[in-house]
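Visitor: Below: one structure in structure tokens.
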Amino acid sequence: MEILKQRPSRHPAERLTFLVLLLLSSVTLLTTLGVILSLLGDVVQFFRRVPLAEFLFAPEWTPLFAEPRYGIAPLLAGTFLVTAIALFVAVPLGLALAVYVSEYLPSDKRARVLGVLELFEGIPTVVFGYFALLFVTPLLQKVIPGLSLFNPLSAGLVMGFAILPYVSNVAADAMQSVPRSIREAAYALGARPYEVALKVVLPAALSGVIAAIILAASRAIGETMIVAIAAGQRPALTLDPRETIATMTSYIVQAATGDQPVGSTAYYALFAVGFTLFFLTLLLNVLAQYIVERYRERYE
């Protein structure tokens, strides 16, 4: 919004540059509004047929049954279960990697490591999905009795490694932005390197670290192929990681490739789930931005 408060120069070239930059900066906002408007009409049609209370609190999601139920709770439970498992893996490993990259790795090697992590982000998630289904699940079945072929445990574990770069890269950037004078003051007081990293630098970059975790959670909630392949597509209101579940994204994949008649309630349910997913991810991204802006550490 700061750009809207600025007054461009009267020079024609600078005015044109200002307008172009303003247009480009508005693309994200316009895209978000376009997504909302494209979903809103079908979402309204859905809630004309299904009460909001049933959508939020009914314990079953069976839109294709003879007596359909449209309670999104099973999809939310599956989504949050897989996300929690993924964060359980990604947060400690990502923060440990961020501390190592920021505080211990020589500066000439830091860019290479971060570059490798960014390449890791580019691996197609369908590869992670089949890796979880065909390699991780058989290993877990040998040590965990009653583990289903499709389960949130293997999907969450593999997803944790998929979102690990989001935690490590953003957290490392936040830690590197802490002024060196803060580190030197800690060393002057006799602190050891691990004490400087964990008790000085990490708390000083806490807002960026929290934002990294929230962004990783948003990425995990919106993940599609890993959960669609490895976690299953059976909506169940359970927190047992051994059972087959369904998430919002896996249901969208299932419904989008099905044969629901256009205009049916099951058809509109697809847009209701998509809007819920969009709202959750948008809320998490706004929360991360708020934390960075509200609690950003300022050093004089």
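The values are calculated or read from the model by the stated rules, or taken from the named source; none is laboratory data. Worth saying up front: this structure is predicted, and the values here are computed from it rather than measured. For neighbour counting, all protein chains shown are included, and Cβ atoms are generated from backbone atoms with ideal geometry for every residue, glycine included. With ligands, DNA and RNA removed, areas are computed over all heavy atoms of the protein, side chains included. Shrake-Rupley method; radii C 1.70, N 1.55, O 1.52, S 1.80 Å.
Visitor: List the number of the failed condition for Ala66; all other conditions in (1) out of contact with any helix residue (DSSP H, G or I) (no Cβ under 6 Å at 6 or more places or on another chain); (2) more than 16 Å from Leu277 (Cα to Cα); (3) outside any loop (DSSP other than H, G, I, E, B) hold.
Guide: The number of the failed condition is (3).
Visitor: Would you mind stating whether Arg69 is more than 12 Å from Pro235 (Cβ to Cβ), of a type in the set (Lys, Arg) and either surrounded by fewer than 20 Cβ atoms within 10 Å (Cβ to Cβ) or at pLDDT below 90 (or both)? If you could, list the steps in order and put the result at the bottom.
Guide: Values: more than 12 Å from Pro235 (Cβ to Cβ): no; of a type in the set (Lys, Arg): yes; either surrounded by fewer than 20 Cβ atoms within 10 Å (Cβ to Cβ) or at pLDDT below 90 (or both): yes.
Against the criterion (more than 12 Å from Pro235 (Cβ to Cβ), of a type in the set (Lys, Arg) and either surrounded by fewer than 20 Cβ atoms within 10 Å (Cβ to Cβ) or at pLDDT below 90 (or both)), Arg69 does not qualify.
Visitor: Which count do you get for residues in the stretch 245-270 that are touching a helix residue (DSSP H, G or I) at 6+ places or on another chain (Cβ under 6 Å), aromatic (Phe, Trp, Tyr) and surrounded by fewer than 21 Cβ atoms within 10 Å (Cβ to Cβ)?
Guide: So the count comes out to 0.
Visitor: Still on this structure, I have one more. I'm trying to understand the selection: among the residues of the stretch 149-177, which are surrounded by fewer than 20 Cβ atoms within 10 Å (Cβ to Cβ) and farther than 19 Å from Thr83 by Cβ?
Guide: Matches in the stretch 149-177: Leu149, Asp173, Gln176, Ser177.
Visitor: Conditions: (1) among the aliphatic types (A, V, I, L, M); (2) surrounded by fewer than 18 Cβ atoms within 10 Å (Cβ to Cβ); (3) over 18 Å from Met159 (Cβ atoms). Leu239 meets all but one. Number of the miss?
Guide: (3)
Visitor: Modelled with pLDDT under 80, open to solvent by 20 Å² or more (accessible area, probe 1.4 Å), assigned to a helix (DSSP H, G or I) and of a type outside the set (S, T, N, Q): which single residue out of Leu93, Leu114 fits that description? Show your work before the answer.
Guide: Values: Leu93 fails: modelled with pLDDT under 80.
The conditions single out Leu114.
Visitor: Go through the stretch 183-194 residue by residue and tally those that are open to solvent by less than 50 Å² (accessible area, probe 1.4 Å) and either among the hydrophobic types (A, V, I, L, M, F, W, C) or not in a helix (DSSP H, G or I) (or both). Even if it seems obvious, please write down each step before you answer.
Guide: First pass over the stretch 183-194, keeping only residues open to solvent by less than 50 Å² (accessible area, probe 1.4 Å): 183, 186, 191.
Next, from what is left, pick out any that are either among the hydrophobic types (A, V, I, L, M, F, W, C) or not in a helix (DSSP H, G or I) (or both): 186, 191.
Residues meeting the conditions: 2.
Visitor: Restrict the check to the stretch 215-224 and report whether at least one residue is over 30 Å from Gln176 (Cβ atoms), charged (D, E, K, R) and not in a helix (DSSP H, G or I).
Guide: No, the stretch 215-224 contains no residue that is over 30 Å from Gln176 (Cβ atoms), charged (D, E, K, R) and not in a helix (DSSP H, G or I).
Visitor: Anything in the stretch 139-148 that is open to solvent by less than 50 Å² (accessible area, probe 1.4 Å) and of a type outside the set (Ser, Thr, Tyr)? List them, or say none.
Guide: Leu140, Ile144, Leu147
Visitor: Under 8 Å by Cβ, and 6 or more places apart or on different chains, what pairs join a residue from the stretch 21-40 that is over 14 Å from Phe279 (Cα atoms) with one that is open to solvent by 70 Å² or more (accessible area, probe 1.4 Å)?
Guide: Every condition considered, the pairs that remain are Leu22/Leu4.
Visitor: Return yes or no: is Phe279 of a type outside the set (Asp, Glu) and under 14 Å from Gly41 (Cα atoms)?
Guide: Answer is no for this residue.
Visitor: Moving on to the next point. Going by the structure shown, is Phe80 within 17 Å of Leu239 (Cβ to Cβ), open to solvent by 70 Å² or more (accessible area, probe 1.4 Å) and either part of a helix (DSSP H, G or I) or not hydrophobic (A, V, I, L, M, F, W, C) (or both)? Full working, then the answer.
Guide: Values: within 17 Å of Leu239 (Cβ to Cβ): yes; open to solvent by 70 Å² or more (accessible area, probe 1.4 Å): yes; either part of a helix (DSSP H, G or I) or not hydrophobic (A, V, I, L, M, F, W, C) (or both): yes.
Judged against the criteria, Phe80 is a match.
Visitor: Something else: Which numbered condition in (1) in contact (Cβ under 8 Å) with a residue 60 or more places away in the chain; (2) more than 18 Å from the chain's Cα centre (by Cα) is the only one that Lys199 fails?
Guide: Only one criterion in (1) in contact (Cβ under 8 Å) with a residue 60 or more places away in the chain; (2) more than 18 Å from the chain's Cα centre (by Cα) is unmet by Lys199, namely (1).
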